[in-house]
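First the structure, in the form of structure tokens, and then the observations on it.
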Amino acid sequence: MADSRVGDEPLDVGQRLTRCQPGRPRRFARPARGKGSAREREREPARRRPSATTPPASASTNVRNACALLTKADAATALGGPVNDPRQGGDTCNYGALVAGSNSVTLQLIDGGRAKFDFDRGRVQRIVSVAGIGDDAFAFVSDAGFVQVYFIKSSRYASLTLQNARDPNRLENAKALARSIAARL
């Protein structure tokens with residue numbers, strides 16, 4: 001079999017144009033990036049798994065996992081009923097109520113530590129000071145039916161949003177939930 005060439009340079013197998021079948025669009029096979037074949041790269045994450053001797057990360061050591069800090073039971077208590085499974089994206093965890101679809105609770109872990117916390121305190125209007133949550137905390141109560149509690153413990157900064165328009169005690173419920181999450185940070 002002759003080498004495929006472009007100019008004077010031979011093409012790698014992954015760079016050859018895949019043969020088209022009638023009725024199918026043409027596509028190029030992309031060359032593998034990094035070392036090893038695609039099959040070897042697929043197996044690579046399995047090699048990186050922690051061994052049996054590696055202790056599991058707890059909520060206190062794995063503070064970047066928001067869903068480890070905000071549990072389904074916590075969300076159900078704050079919303080006053082059953083909740084869906086968590087939706088996690090990046091440093092955010094969200095639970096929605098099963099009954100009232102617009103009600104939800106969200107925890108966001110925020111980078112920036114004390115400097116970012118102080119900056120946010122200065123930019124948020126109509127804040128309510130709250131005590132007993134982490135090292136420092138403040139809240140914002142919206143007329144739209146949600147409460148945001150911002151709190152910091154050591155250099156770990158988080159924001160909790162509780163959307164529950166029909167609950168007249170939503171600020172107290174949000175503060176209680178933020179207090180329990182701050183204790184896990």
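Miscellaneous remarks
- Residue within region 110-127 that is in a strand (DSSP E or B) and either of a type outside the set (Asp, Glu) or touching a Cys at 6+ places or on another chain (Cβ under 6 Å) (or both) present: yes
- Residue that is farther than 16 Å from Ala165 by Cβ, out of contact with any strand residue (DSSP E or B) (no Cβ under 8 Å at 6 or more places or on another chain) and modelled with pLDDT under 95, where the choices are Gly101, Gly112, Gly89: Gly89
- Selection within region 71-92 - surrounded by 15 or more Cβ atoms within 10 Å (Cβ to Cβ) and of a type in the set (A, V, I, L, M): Ala75, Ala76, Ala78, Leu79, Val83
- Single residue of region 124-140 satisfying the filter (within 24 Å of the chain's Cα centre (by Cα) and surrounded by fewer than 17 Cβ atoms within 10 Å (Cβ to Cβ)) that is nearest to Arg179 (Cα to Cα): Asp135
- Each residue in region 68-109 was checked for being within 16 Å of the chain's Cα centre (by Cα) and assigned to a strand (DSSP E or B), and 14 of them qualify.
The values are calculated or read from the model by the stated rules, or taken from the named source; none is laboratory data. Quick caveat, the model's predicted, so the values are computed rather than measured. Please note: Cβ atoms are built from the backbone with ideal geometry, for glycine as well, and neighbour counts cover all protein chains shown.
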